[in-house]
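Enquirer: The structure's right below; bear with me while I get my questions together.
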Amino acid sequence: MLSEKTVKTLIENGLEERSDLFLIDFKMNADNKISVVIDGDNGVTVEDCMFMSRAIEHNLDREEADFSLDVASAGATSPLVNNRQYRKNVGRTLEVKATSDLKVEGVLIDVDDTGVTLEWKTKEPKPVGKGKVVVNKQAKIMYDDILEAKVVIKF
């Protein structure tokens, strides 16, 4: 019988060997369909997925339990779910929805252990007279307050 704990241990062992990779998602259903999503500090290549696949598959016995295995990278439009994903995206534009009904699209300029700092430009009314002026804004958003964050891909 194949256990979820065994597979999780194999994933952790693979990630210890490759410290540049980290786990985004892991699922295993009753039919032994194993799904693993990884990301990396420098992105993920096909070879990285093959490495993780081998780290799991080569340590399981198909004679003992049949299984299917899918190892994939986090998609470009997938929400960021791991703090390390923010670090690798410094300098890129993010769309962040926060618990305070804040929805911001801005450049990720800083990441620390508590949250992220975004910077963006917006038009605000002039202090005196009619019309608007472009103003630089910045906001620090704590990880706990982020409902969803995605990298904005512009063409």
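The values are calculated or read from the model by the stated rules, or taken from the named source; none is laboratory data. Computed from a predicted structure; not experimentally measured. Cβ coordinates were reconstructed from backbone atoms using ideal geometry, including for glycine residues, and neighbour counts include every protein chain displayed.
So that you can scan it fast, the table gives a plain yes or no per residue for (1) surrounded by fewer than 17 Cβ atoms within 10 Å (Cβ to Cβ); (2) aromatic (Phe, Trp, Tyr); (3) at pLDDT 95 or above:
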| residue | (1), (2), (3) |
| --- | --- |
| Met1 | yes, no, no |
| Lys8 | yes, no, yes |
| Asp20 | yes, no, yes |
| Ala30 | yes, no, no |
| Ile34 | no, no, yes |
| Cys49 | no, no, yes |
| Ala55 | no, no, yes |
| Glu64 | yes, no, no |
| Ala76 | yes, no, no |
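Enquirer: So, of the residues in segment 116-151 that are surrounded by 15 or more Cβ atoms within 10 Å (Cβ to Cβ) and small (Gly, Ala, Ser), which turns out to be nearest to Asn83 (Cα to Cα)?
Expert: Ala149
Enquirer: Select, from Arg18, Arg54, Arg87, Arg62, the only residue that is of a type outside the set (Gly, Ala, Ser) and within 30 Å of Lys137 (Cα to Cα). Step through it out loud before you land on a result.
Expert: On the way: Arg18 fails: within 30 Å of Lys137 (Cα to Cα); Arg54 fails: within 30 Å of Lys137 (Cα to Cα); Arg62 fails: within 30 Å of Lys137 (Cα to Cα).
The conditions single out Arg87.
Enquirer: Moving to a separate point now. For Val111, are the conditions met, namely being buried (at least 18 other Cβ atoms within 10 Å of the Cβ), touching a residue at least 12 places away in the same chain (Cβ under 8 Å), in contact with a helix residue (DSSP H, G or I) (Cβ under 8 Å, 6 or more places away or on another chain) and farther than 30 Å from Lys140 by Cβ? Walk me through it before giving the result.
Expert: Details: buried (at least 18 other Cβ atoms within 10 Å of the Cβ): yes; touching a residue at least 12 places away in the same chain (Cβ under 8 Å): yes; in contact with a helix residue (DSSP H, G or I) (Cβ under 8 Å, 6 or more places away or on another chain): yes; farther than 30 Å from Lys140 by Cβ: no.
The answer is no for Val111.
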